[in-house]
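Working notes for the structure below.
The values are calculated or read from the model by the stated rules, or taken from the named source; none is laboratory data. From a predicted model like this one, the values you see are computed outputs, not experimental measurements. Note that we place each Cβ from the backbone using ideal geometry, even for glycine, and neighbour counts take in every protein chain shown.
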Amino acid sequence: MVICDKCMHHFNFVQPLRRRVKSITSEKVIEIYFICPECKAEYHSYYETKETSRLMARNNALRGQADHKGIKINQEYIKMEQDRVKKLMGG
């Protein structure tokens, strides 16, 4: 359940939306976000690059192996990549 900060509408988060954003570098950057169905306010979730997709897939594989230490380390790499892209995007 999500509560919109702007209109206070309660709604279920179903499927995130994706859109390509202007890239600062030659990297393809996709913004993952969702929209309030009531007031249409947009909420940014994260940016996706080829590297973040690779790291997230690796994280899923580590979960399947119950490798908790590996998951923690990989999540740190994901955060570093997200921070790098966010900085490039001006955020």
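Go through segment 60-83 and count every residue that is touching a Lys or Arg at 6+ places or on another chain (Cβ under 8 Å) and of a type outside the set (A, V, I, L, M, F, W, C).
Keep residues of segment 60-83 that are touching a Lys or Arg at 6+ places or on another chain (Cβ under 8 Å), which gives 71, 74.
Next, from what is left, pick out any that are of a type outside the set (A, V, I, L, M, F, W, C): 74.
The total comes to 1.
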**Fill in**
Cβ pairs under 7 Å, 6+ apart or interchain, first in segment 30-49 and within 17 Å of Ile3 (Cβ to Cβ), second modelled with pLDDT under 95 and not in a strand (DSSP E or B), ordered by first then second residue, are Tyr33/Pro16; Phe34/Phe13; Phe34/Pro16; Ser45/Pro16
**Request:** Residues being touching a residue at least 24 places away in the same chain (Cβ under 8 Å) and part of a helix (DSSP H, G or I): count how many of those fall in segment 56-91.
**Result:** 6
**Prompt:** Is segment 66-75 home to any residue that is surrounded by 14 or more Cβ atoms within 10 Å (Cβ to Cβ) and touching a Pro at 6+ places or on another chain (Cβ under 6 Å)?
**Reply:** no
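Could you list all residues from segment 1-55 that are in a loop (DSSP other than H, G, I, E, B) and within 30 Å of Ile73 (Cβ to Cβ)? Step through it out loud before you land on a result.
Narrowing segment 1-55 to residues in a loop (DSSP other than H, G, I, E, B): 1, 4-9, 12-16, 22-28, 36-41, 49.
Hits for segment 1-55 are Phe13, Gln15, Pro16, Ser23, Ile24, Thr25, Ser26, Glu27, Lys28, Thr49.
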